[in-house]
1. If you go through the range 97-106 one residue at a time, do you hit one that is surrounded by fewer than 22 Cβ atoms within 10 Å (Cβ to Cβ), among the hydroxyl-bearing types (Ser, Thr, Tyr), farther than 26 Å from GLY234 by Cα and free of Cβ contacts under 8 Å to residues at least 24 places away in the same chain?
2. Could we say that ILE179 is assigned to a helix (DSSP H, G or I) and surrounded by fewer than 20 Cβ atoms within 10 Å (Cβ to Cβ) here?
3. Name the pairs whose Cβ atoms lie under 6 Å apart, with the first residue in the range 181-205 and among the small types (Gly, Ala, Ser), the second surrounded by 12 or more Cβ atoms within 10 Å (Cβ to Cβ) and not in a helix (DSSP H, G or I), and 6 or more positions between them or separate chains?
4. Look at ILE147 and say whether it is surrounded by fewer than 17 Cβ atoms within 10 Å (Cβ to Cβ), modelled with pLDDT of 95 or more and of a type in the set (A, V, I, L, M).
5. Answer with yes or no whether THR58 is modelled with pLDDT under 90, part of a helix (DSSP H, G or I) and out of contact with any Gly (no Cβ under 7 Å at 6 or more places or on another chain).
6. Going through ILE135, ILE84, ILE164, ILE139 one at a time, which residue ends up being more than 20 Å from ASN254 (Cβ to Cβ) and part of a helix (DSSP H, G or I)?
7. Among (1) closer than 18 Å to PHE200 by Cα; (2) touching a Ser or Thr at 6+ places or on another chain (Cβ under 6 Å), where does SER177 come up short?
Amino acid sequence: MPESTPTSLPALLPATRVSSGMNWLGLWTLYTKEVKRFWRVGPQTLLAPVVSNLLYLTVFVLAFSENRAGGADGFIAFLIPGLIMLGILNNSSANSSSSLMTGKMMGSIIDVLMPPLSHVELALGYLAGAATRGILVAIFTAFVLSIFGLTWPVHWWAVLYFGISAAVMMGMVGMLSGIWAEKFDQLAVVNQFIILPLSFLSGTFYSINVLPELWQKIIQWNPLFYLIDGFRYGFMGIADGNVQIGIVLTAVINIVLFLTCLRVLKSGWRLKA
């Protein structure tokens with residue numbers, strides 16, 4: 001009786017991938033892992049940003065509303081979209097960067113790299129998880145801050161486009177910083193000296209029209225300005241910059257970042273021993 005030749009599991013995987021084209025089950029598993037990771041600590045990842053935005057709203061309204069022509073109500077309507085966007089920017093970046101960094105430090109990153117997931121599927125899984133957290137924080141923040149005077153969006157398309165674009169963009173920035181960093185101190189450098197300054201110097205709490213002309217031109221080189229300005233345009237129908245430029249610029253940046261993430265993940269740089 002002839003011996004049967006055993007078929008190894010790895011030999012079966014390429015055929016499965018070719019027939020399906022995309023490992024949807026693996027991609028869904030990675031995505032749900034990322035969502036469950038931040039959902040388990042919801043008070044820290046979802047509630048804390050809302051509390052922070054409430055504090056920002058209180059402090060800035062008490063400090064500056066009297067000096068604005070529209071009074072407190074007008075300033076609140078102006079400020080809330082910026083705070084919602086700030087929550088998207090910070091939390092999308094934090095999710096992907098902390099997930100990758102924790103996996104590298106604990107050695108559990110191998111559990112993600114060993115399954116039959118391509119670099120495209122890895123990028124999409126981490127990116128979708130980061131964007132989900134950013135968007136959930138935005139929804140919770142909008143719901144709570146609506147009590148204080150959030151206006152109904154004038155242009156829904158702008159709210160959705162710039163909100164999703166911001167979540168995706170910062171998710172990829174967090175992904176790249178999480179791959180690059182070899183310890184949490186390096187990750188903190190990216191957050192404190194790059195992401196945080198760009199977030200605050202982007203018109204989140206103020207209109208750039210109150211600044212000197214030189215500073216207005218400088219801030220318009222900040223890509224986060226266009227995200228916040230476009231998002232605020234969706235709620236209020238007014239913008240400090242050119243919304244069309246913001247649409248094109250954010251699309252180009254997201255494409256470049258996505259291609260960069262794919263290249264880095266494919267190479268295995270700082271992920272594979």
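1. yes
2. no
3. Every condition considered, the pairs that remain are SER202/ASN222.
4. No.
5. When the stated conditions are applied, THR58 passes them.
6. After applying the criteria, what remains is ILE139.
7. (1)
Here's the yes/no breakdown for (1) crowded, with 24+ Cβ neighbours inside 10 Å; (2) part of a helix (DSSP H, G or I); (3) modelled with pLDDT under 85:
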| position | (1), (2), (3) |
| --- | --- |
| THR45 | no, yes, no |
| LEU62 | no, yes, yes |
| LEU79 | yes, yes, no |
| ASN91 | yes, yes, no |
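The values are calculated or read from the model by the stated rules, or taken from the named source; none is laboratory data. Source: prediction; values computed, not measured. With ideal geometry, Cβ positions are generated from the backbone for all residues, glycine too; neighbour counts draw on all protein chains shown.
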